[in-house]
Number of protein chains: 2
Amino acid sequence: MSKQAAVDVSCCPALTERRVPAETAAALAPAFKALGDPVRLQLMSMIASAEGGEICVCDLTPAFDLTGPTISHHLRTLREAGLVDADRRGTWVYYRARPTILRQLAALLTVTPPSAT
Amino acid sequence: MSKQAAVDVSCCPALTERRVPAETAAALAPAFKALGDPVRLQLMSMIASAEGGEICVCDLTPAFDLTGPTISHHLRTLREAGLVDADRRGTWVYYRARPTILRQLAALLTVTPPSAT
DNA sequence: ATGCTGTCTCGACGTCTGTCGAATCAGACA
DNA sequence: TGTCTGATTCGACAGACGTCGAGACAGCAT
């Protein structure tokens, strides 16, 4: 169901540690971009914090003053950025977060105390 | 010199912990958006990892196959997202990272192990 | 099969974004 | 003062983005 971005960057010294190589930047930037919209950031949070690790589109849509197609579009963006997985079960579609990439992004942003080694 | 975004969100339970409120999403999304371009992600990294905590535009520009105005535009975007500070010293302009907001972003993305409390 | 409900795709629209060249501003220095 | 260099702003352009309504598809229940 999902054309996923190939984000498996070897892994993640922090931004502040050394200069991020162009390939890493190219691989990770789309994920940040996907989070760069308030609606998607909230969607991501609702998905990632959902009870049982997943949440139905039918619970996401009514939380916004936006049409179904628009929410669907944002969910697709999150999917294509590799941030979430979708899974149809009967009538409903459930979304779950992909923790690995979230950890990569968090690691990249980690600020090492200036008074470190 | 810099019209800075007012990003001082009280602070940061992780995305995965509870649903991010709309105001927090609205405040932080621009920072993610700013990082959502490969060039800006590299610029941010070069700035944040610079020796002495700052770096001259004259050291940033030649690292890319882009014109000066384009780099300047990306730096302005980072500035307006509150991610960096600029500081002119004589002929040259130096950029430095703002660690507080980086920490907020990292905290937001922190994945709490599912087997937690 | 028919219909109903939830979700997605398609096509369109106005806006925003990344890039450039040309022009401008800020300091240093002769 | 005038001129040179570094950095920014301005104006323009093609392409991407967020949103919507209309339509299509998937699965359940008559």
Can you sort B:Ser72, A:Ser45 by 1.4 Å-probe accessible area, starting with the largest?
-> B:Ser72, A:Ser45
Accessible surface of B:Glu17 in the full protein assembly, 1.4 angstrom probe, to the nearest 10 Å²?
-> 90
Using alpha-carbon coordinates, inclination of helix B:99-109 to the longest axis of chain B, degrees = 40
Taking Cα atoms, how many degrees apart are the long axis of helix B:68-80 and the longest axis of chain B, rounded to 10 and kept between 0 and 90?
-> 30
Hey, what angle do you get for helix B:22-35 against the long axis of chain B, alpha-carbon based, 0 to 90 degrees rounded to 10?
-> 40
What do you reckon, how do A:Ile55, A:Ile47 stack up by accessible area (1.4 Å probe), largest on top?
-> A:Ile55, A:Ile47
Reduced Cα scattering model of the range B:22-109, Debye log10 I(q)/I(0), q = 0.26 Å⁻¹ = -1.42
At a probe size of 1.4 Å, how large is the accessible area of B:Phe64, to the nearest 10 Å²?
-> 20
With no solvent and one point on each alpha carbon, what is the Debye value of log10 I(q)/I(0) for the protein assembly as shown at q = 0.08, 0.09, 0.17 Å⁻¹?
-> -0.30, -0.38, -1.22
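The values are calculated or read from the model by the stated rules, or taken from the named source; none is laboratory data. Bear in mind the structure is a predicted one, so any value in this text is a computation, not a measurement. Heads up: the accessible areas ignore ligands, DNA and RNA and are worked out on the full protein's heavy atoms, side chains in. Shrake-Rupley method; radii C 1.70, N 1.55, O 1.52, S 1.80 Å.
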